[in-house]
Amino acid sequence: MFIRNNWYIAAWADELVQAPLPRTILGEALVLYRDKSGAVGALEDRCCHRGTPLRFGEVVDGGLQCGYHGLVFDCAGSCVSIPGQAKIPAKARVRSYPLVEKDGFVWIWMGDAGEADASAILDYPFHNDRAKWPHKHTVYHIDAGYKLMIDNLMDMTHLAYVHKSTIGGSNAKIHVEAQMKVTPKETGLHYLRWMLACEPPPTYRKAVPQLQQVDRWQEFEFIAPSSIVQWSGALNVGMGAQQNRDQPGGFSLRLFHGLTPETENSCHYFWSTCNGYRQDEPEATEQLFNEIAAAFSEDKAIVQAQQAMLDATGEDRLVDIVSDSARIHMRRTLHRLQDQERAIGAEASDHATDHR
Amino acid sequence: MFIRNNWYIAAWADELVQAPLPRTILGEALVLYRDKSGAVGALEDRCCHRGTPLRFGEVVDGGLQCGYHGLVFDCAGSCVSIPGQAKIPAKARVRSYPLVEKDGFVWIWMGDAGEADASAILDYPFHNDRAKWPHKHTVYHIDAGYKLMIDNLMDMTHLAYVHKSTIGGSNAKIHVEAQMKVTPKETGLHYLRWMLACEPPPTYRKAVPQLQQVDRWQEFEFIAPSSIVQWSGALNVGMGAQQNRDQPGGFSLRLFHGLTPETENSCHYFWSTCNGYRQDEPEATEQLFNEIAAAFSEDKAIVQAQQAMLDATGEDRLVDIVSDSARIHMRRTLHRLQDQERAIGAEASDHATDHR
Amino acid sequence: MFIRNNWYIAAWADELVQAPLPRTILGEALVLYRDKSGAVGALEDRCCHRGTPLRFGEVVDGGLQCGYHGLVFDCAGSCVSIPGQAKIPAKARVRSYPLVEKDGFVWIWMGDAGEADASAILDYPFHNDRAKWPHKHTVYHIDAGYKLMIDNLMDMTHLAYVHKSTIGGSNAKIHVEAQMKVTPKETGLHYLRWMLACEPPPTYRKAVPQLQQVDRWQEFEFIAPSSIVQWSGALNVGMGAQQNRDQPGGFSLRLFHGLTPETENSCHYFWSTCNGYRQDEPEATEQLFNEIAAAFSEDKAIVQAQQAMLDATGEDRLVDIVSDSARIHMRRTLHRLQDQERAIGAEASDHATDHR
């Protein structure tokens, strides 16, 4: 069951050009595009004439034109032109979806359009601060449900096993024994981890060669249903990291993780890296992105295999362990949202019985 | 539901050589071959011994030999040899299907063999008239039901969108505003379209360089359940095309389209091109075939995507438009044939209850 | 339905190194490995923490470590370490399976572990006799049920059709008219075939150039549920092959065939070749293996196609022939074992009702 009445990332803003982009979100096949005025549109990817996917079409004056028989639709889903026909029937329309372009993202609302409130969208100002936080982004297709990907980000002990050669480092002990503080929040949860006086992992050292023994932190905020904002870094021992993390001379990165369900068992993983060091060197931005890309490919492989195994065997006989605390809280938050949607659905269904 | 009591194209005659050719038709896995006497055979692709596909076999004296343990079957499906065994049990046989070789096609009857009447097969003499209509042919595998492919051929306005750079040309207006006359017939329907005083599309101009402003026609006959005979062409304005299309100096082609269901959602598209110009130049025949092949690949891509979308979303909420007139008549003809088969099936079922 | 209470080959002993090897057997996803002490282990390929396949893990001191969050399991399936956690819950375990390493094979017991009796495993001493029977082995993945592969080995007439150019030879008559003697046994069946005074097939002649007209034999023993031990060879006419096959100067090979069900419709085909000639020439061992590998690829192709056809059309309307005698006896043996398991299952189910 999807949580529909929430904002999800549909695309990176720079993915939307005039060429139509097909993407399935919450089980619905959509086509995303930017019209000639620069506005972004999200339509059902199915022409109302013969069911042809609109992704075969092209952007023309007035909207998106079907590539089969030429019908044109505007961003609201209304058919505005049928070749060879003056009168356009009222039922000639396709479903459209509310979109908001903000901080480099295009957010989409898949639920009841009347409930879409743009002010509820989280802020991520770092994408707009190129001087302090130069960044690079992409999207991965994951053959696993979005919850398993969020699970992955709620338990950092996996760095010791999955990412030994990149962002983890080979000393499992420091990850497993990190100080971990989880704080539930109205919108999800926050956690902060400290690994004091340890060796920096390979990725950190490549980025900032002057690192020696470091105090290292991982700070995560999960904003339900599927955004994770991360700030990780390290300062050399003695620089007072625990008092002030926001100082130059160390390693510091911000990662944004947005998991948008494609189907029940697959998702789109939108992520960006911001490097808080060597900001004037484009190759530092590039190098960090490449290291993280390699690490996330490792996550993708293992989580996809996990999904396949759970598909085959179900979720019985699983045992929670101590390091699952943040994950368990995150899952509770999602269950609460699902229950709310069910309640709304039941109410809507009652209304339907009354009035239709 | 398939319409079984009709002739379909099983293969091009020149596809059938002594090597067995596997092909699924109306949901049944067949093996087609030519025996040593030159006769063509269509058998169930499943040996009656252990179920091995006969496509692994080879043509030997007496028929088609299974490639596993050597049983031989004749064109009627009777086993005529079992290695190491003198007596052949009566039940050692596979199903066979009536075939007729005509005009370069091999036609097959998939229904009640007692109803197979070769005189009902359409004539296509152009394949035998190499002097006036040199030709070339092939077969495309289409991951879409045969009805969607016939739909495609019943609405020529798609040329303006799907085939801009080949047989359509970039001026949508002339296709959409063509004069269109549809004539229902006992066997299906006929339509004739005229586009007067227009630019010839790229394919026409490449074929016949002397074309200028032309009067252009498209004449189609749909013969149920799945043959379409097409004659299209253009003569320079002033040559009196509307009075007499059959004159030299212009562009003229004949296309044959045969759509044979493979499964409910896939088909074999047998098509040929005949060039009615530059008949002495094999490169003209080749060039026309290549242009049409490229255009039909465009159709294949869009119709396959349409089928996938309809599979996922059903056929609800579709809106007919003015240019659908021929398509709608064609669909009615097919529904009538399906209803007839259902009635016969019900009757046969009654008889079975009485006599078996 | 699988026959569970029997030994099957899980792997070649030399496949099991410290890197975990995933393999599905009798429908269960397993991971096989060799621990640091050299012992072999077979565990359910699913960590009890989050369901991640253990194949992503690595062998560490104490056992196999999950590659996601670092839990360690010993060969008995008990979790012996959870990172960051002192107490290990009793239910933190995965299923393990009895294994026996013998004659180059690793045998596995997929049924009731209390019934596993290592003394019931067949002997294959030839793998240990490098001087007289140098050998080479591999495993093929077959997209067909194990019974169809055993069928293949119970009817040697297929050599005339499937393996003309390798181990069969082009003279079908000698295979079809071979003397064939089938002897039922408690554990399965034995058969011996003689083809007297015939041409040796290409594989034999390549191996032993001095062969002329030969007396040729094929001796098979089927040991239920899925092992076949084969000794085939040829001696020149006049050497008295029928009195004494075990003499130098001819062609002689031993093949071991072990078919382990993967799923109902796929299996692992473990096979080895031993050459009983030119034992001092490694290239003779290599050449024989390569010839047999090519022949078995031919079997794989035809049996996979047979399985696909039977999946689509069922097993009705099949006709037994004379050369099916050994195959029919083999199938009866398997049905008898299946019936026994059903009876045991029913009994166990009664007990469960009583005592649980």
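The values are calculated or read from the model by the stated rules, or taken from the named source; none is laboratory data. Since the model is a prediction, treat every value here as computed from it, not as a measurement. Cβ: placed from backbone, ideal geometry, glycine included. Neighbour counts: every protein chain shown.
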Looking at segment A:274-292 only, could you name the residues that are among the aliphatic types (A, V, I, L, M) and under 10 Å from A:Thr203 (Cα atoms)?
A:Leu288, A:Ile292
Among the residues listed as A:Val176, A:Val100, A:Val106, A:Val139, the single one being within 30 Å of A:Arg50 (Cβ to Cβ) and of a type in the set (A, V, I, L, M)
A:Val106
The lone condition B:His49 fails out of (1) more than 11 Å from every other protein chain (Cβ to nearest Cβ); (2) in contact (Cβ under 8 Å) with a residue 12 or more places away in the chain; (3) surrounded by fewer than 23 Cβ atoms within 10 Å (Cβ to Cβ) is (1)
Report yes if B:Val106 is farther than 30 Å from C:Leu153 by Cβ, in a loop (DSSP other than H, G, I, E, B) and of a type in the set (Val, Ile, Thr), otherwise no.
no
Among the residues of segment B:4-30, how many are surrounded by fewer than 23 Cβ atoms within 10 Å (Cβ to Cβ) and free of Cβ contacts under 8 Å to residues at least 60 places away in the same chain?
6
Looking only at segment C:219-244, count how many residues are in contact with a Leu (Cβ under 7 Å, 6 or more places away or on another chain) and in a loop (DSSP other than H, G, I, E, B).
4
Might you check whether a residue that is in contact (Cβ under 8 Å) with a residue 40 or more places away in the chain, touching a helix residue (DSSP H, G or I) at 6+ places or on another chain (Cβ under 8 Å), over 28 Å from C:Val106 (Cα atoms) and of a type in the set (Ser, Thr, Tyr) occurs anywhere in segment C:224-232?
no
Scan segment B:82-96 and give yes if some residue there is closer than 29 Å to B:Tyr140 by Cβ, in contact with a helix residue (DSSP H, G or I) (Cβ under 7 Å, 6 or more places away or on another chain) and either in a loop (DSSP other than H, G, I, E, B) or within 14 Å of chain C (Cβ to nearest Cβ) (or both), otherwise no.
no
Within segment C:12-55, can you find the residues that are assigned to a strand (DSSP E or B) and either assigned by TED's automatic domain parsing to the domain that holds C:Lys136 or out of contact with any Leu (no Cβ under 8 Å at 6 or more places or on another chain) (or both)?
C:Trp12, C:Ile25, C:Glu28, C:Ala29
Checking C:Ala86, C:Ala131, C:Ala113 in turn, the sole residue that is touching a residue at least 12 places away in the same chain (Cβ under 8 Å), over 24 Å from C:Glu286 (Cβ atoms) and of a type outside the set (Phe, Trp, Tyr) turns out to be C:Ala113
Restricting attention to segment B:125-158, and to residues there that are of a type in the set (Ser, Thr, Tyr) and crowded, with 20+ Cβ neighbours inside 10 Å, which single residue is farthest from the other protein chains (Cβ to nearest Cβ)?
B:Tyr146
Can you confirm whether segment A:89-103 contains a residue that is surrounded by 20 or more Cβ atoms within 10 Å (Cβ to Cβ), without any contact (Cβ under 8 Å) to a residue 24 or more places away in the chain and not assigned by TED's automatic domain parsing to the domain that holds A:Tyr277?
no
Can you spot a residue in segment B:241-264 that is within 14 Å of B:Arg193 (Cβ to Cβ) and not hydrophobic (A, V, I, L, M, F, W, C)?
yes
Look at A:Glu315 and say whether it is buried (at least 17 other Cβ atoms within 10 Å of the Cβ), charged (D, E, K, R) and out of contact with any strand residue (DSSP E or B) (no Cβ under 7 Å at 6 or more places or on another chain).
no
Could you tell me which numbered condition B:Val31 fails, if it satisfies all but one of (1) under 27 Å from B:Ala224 (Cβ atoms); (2) of a type in the set (A, V, I, L, M); (3) under 19 Å from the mean Cα position of the chain (by Cα)?
(1)
Lone qualifier among A:Gln18, A:Gln65, A:Gln85 - being in contact with an Asp or Glu (Cβ under 8 Å, 6 or more places away or on another chain), at pLDDT below 95 and on the phi < 0 side of the Ramachandran plot
A:Gln18
The conditions are (1) more than 9 Å from every other protein chain (Cβ to nearest Cβ); (2) over 30 Å from C:Glu221 (Cα atoms); (3) of a type in the set (D, E, K, R); (4) surrounded by 14 or more Cβ atoms within 10 Å (Cβ to Cβ), and C:Arg55 fails exactly one of them. Which is it?
(1)
Of all residues in segment B:21-54, which are of a type outside the set (S, T, N, Q) and closer than 18 Å to B:His141 by Cα?
B:Leu21, B:Pro22, B:Arg23, B:Ile25, B:Leu26, B:Gly27, B:Glu28, B:Ala29, B:Leu30, B:Val31, B:Leu32
For segment C:323-335, which positions are within 14 Å of chain B (Cβ to nearest Cβ) and surrounded by fewer than 16 Cβ atoms within 10 Å (Cβ to Cβ)?
C:Ile328, C:Arg331
Taking the condition of being under 30 Å from B:Met1 (Cβ atoms) and at pLDDT below 95, how many residues in segment B:210-231 meet it?
0
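Matching residues to (1) exposed (fewer than 14 other Cβ atoms within 10 Å of the Cβ); (2) within 14 Å of chain B (Cβ to nearest Cβ); (3) of a type in the set (Phe, Trp, Tyr); (4) under 22 Å from C:Met156 (Cβ atoms):
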position	(1), (2), (3), (4)
C:Phe251	no, no, yes, yes
C:Cys274	no, no, no, yes
C:Glu291	no, no, no, yes
C:Ala305	no, yes, no, yes
Pick from C:Thr285, C:Thr260: which is hydroxyl-bearing (Ser, Thr, Tyr), modelled with pLDDT of 95 or more, assigned by TED's automatic domain parsing to the domain that holds C:Asp151 and not in a helix (DSSP H, G or I)?
C:Thr260
Of everything in segment B:58-80, what is of a type in the set (Ser, Thr, Tyr) and either crowded, with 18+ Cβ neighbours inside 10 Å or within 8 Å of chain C (Cβ to nearest Cβ) (or both)? Give them in sequence order.
B:Tyr68
Condition first: in contact (Cβ under 8 Å) with a residue 12 or more places away in the chain and among the aliphatic types (A, V, I, L, M). Now tell me which residues in segment A:311-329 satisfy that.
A:Ala326
Residue that is surrounded by the fewest Cβ atoms within 10 Å (Cβ to Cβ), among those in segment C:159-179 that are at the interface with chain B (Cβ under 9 Å from one of its Cβ atoms) and farther than 16 Å from C:Ala326 by Cα
C:Lys173
When you go through C:Asp320, C:Asp350, C:Asp354 one by one, which is the residue that is within 14 Å of another protein chain (Cβ to nearest Cβ), surrounded by fewer than 14 Cβ atoms within 10 Å (Cβ to Cβ) and either outside any helix (DSSP H, G or I) or modelled with pLDDT under 95 (or both)?
C:Asp320
Condition check: within 12 Å of chain A (Cβ to nearest Cβ) and either at positive phi or in contact (Cβ under 8 Å) with a residue 60 or more places away in the chain (or both). Does B:Gln338 satisfy that?
no
